[in-house]
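Worksheet: the structure to be examined is printed underneath.
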Amino acid sequence: MYEKIKLKYNLNGLEPYISEETMNIHYNVLYTRYLNNLNEILKKNSFDFSIPKEEIYNIIERFPASDRENILFNLGGVLNHELYFDTFISGEDKNADKSNLVVEKYKSLDNFINKFMEKAKKVRGSGYTFLVVDKDRELALVNLSNQDNPYRCGLFPIMNLDLWEHAYFLDYKADKEQYIKNYFKIVDFDKVSKKYEMLKKNIC
Ligand SMILES: [Fe+2]
C-alpha cells in the first residue's frame, strides 16, 4: 500500500496564510481519503505497490476499463496534494532570494509570480496551476481541471497551486485572488529549483 507522506512543517506552520484548520482538513481528511481510495482499488486489482505512483499513468490499460476513471481520479488527488504540500516551507519568504530557476526563463522572481498569477486566475471551477518541465527541459505553466496531473500528458510537475475551494474558502471565503497572492509567501523556491535541476539531468 502507498503510505501517507509526512509534512515537513506543523499543521499551523503555514499560518497566517493557510490556517491550521484548513491544513488539517486538507491533509488529514481530503488527501487521506484520496490515498485510501487509491490503495483500496489498487489492492482489489492485486497491484504491485513497489511501482512508483507516477508510473500508473503508463500502465493504466492493464486495469479493467470500469476501474480506470476511479484510479485516475484518486491517483491525481494523491499526487497533486503530495506536490502541493511539498511546495511549501514554514516561514515567510525564506527562500525567495535563492530562486535561480525562474531567472533563466522568467528573468525575475516578480515576473515569474505575475505570470503564475495570471495563469492561476484563468482556472475555472476546480483545478490546479502547475509549473512543469517538458521533455525539452523547458519550464512551462499549465492549468489542469479537477484531479488531472501533468504526468498524464508526459510533463513533469515541480510546483502547483491547489485552486479547489477547499484549499482557501475557510481562510479567504470568496477572495481567491488574495489566496493566490499569499501562496508565494510560503513557496519553498529553493526546493522547487532543486527539483528542476534534478529533472534537467534525468530527462532523456
Ligand atoms: Fe486540495
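Brief remarks follow.
- Take the conditions (1) under 12 Å from the mean Cα position of the chain (by Cα); (2) within 16 Å of the ligand (Cβ to nearest atom); (3) more than 23 Å from residue 70 (Cα to Cα); (4) without any contact (Cβ under 8 Å) to a residue 60 or more places away in the chain; residue 127 misses just one of them, which is (3).
- Residues located in the range 158-175, provided they are away from the ligand (no atom under 13 Å from the Cβ) and within 27 Å of residue 195 (Cα to Cα): 158, 159
- Residue check for residue 169: without any contact (Cβ under 8 Å) to a residue 12 or more places away in the chain and assigned by TED's automatic domain parsing to the domain that holds residue 108: yes
- Of all the criteria given as (1) open to solvent by less than 70 Å² (accessible area, probe 1.4 Å); (2) within 16 Å of the ligand (Cβ to nearest atom); (3) at pLDDT 95 or above; (4) hydrophobic (A, V, I, L, M, F, W, C), the one not satisfied by residue 186 is (3).
- Selection over the range 22-56 of residues that are part of a helix (DSSP H, G or I), surrounded by fewer than 16 Cβ atoms within 10 Å (Cβ to Cβ) and away from the ligand (no atom under 14 Å from the Cβ) gives a count of 6.
Table: residues versus (1) open to solvent by 60 Å² or more (accessible area, probe 1.4 Å); (2) modelled with pLDDT of 95 or more; (3) of a type in the set (Val, Ile, Thr).
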| position | (1), (2), (3) |
| --- | --- |
| 71 | no, yes, yes |
| 98 | yes, no, no |
| 106 | no, no, no |
| 116 | no, yes, no |
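The values are calculated or read from the model by the stated rules, or taken from the named source; none is laboratory data. From a predicted model like this one, the values you see are computed outputs, not experimental measurements. Cβ: placed from backbone, ideal geometry, glycine included. Neighbour counts: every protein chain shown. Side chains are part of the model used for accessible areas, which takes the heavy atoms of the whole protein and leaves out ligands, DNA and RNA. Shrake-Rupley method; radii C 1.70, N 1.55, O 1.52, S 1.80 Å.
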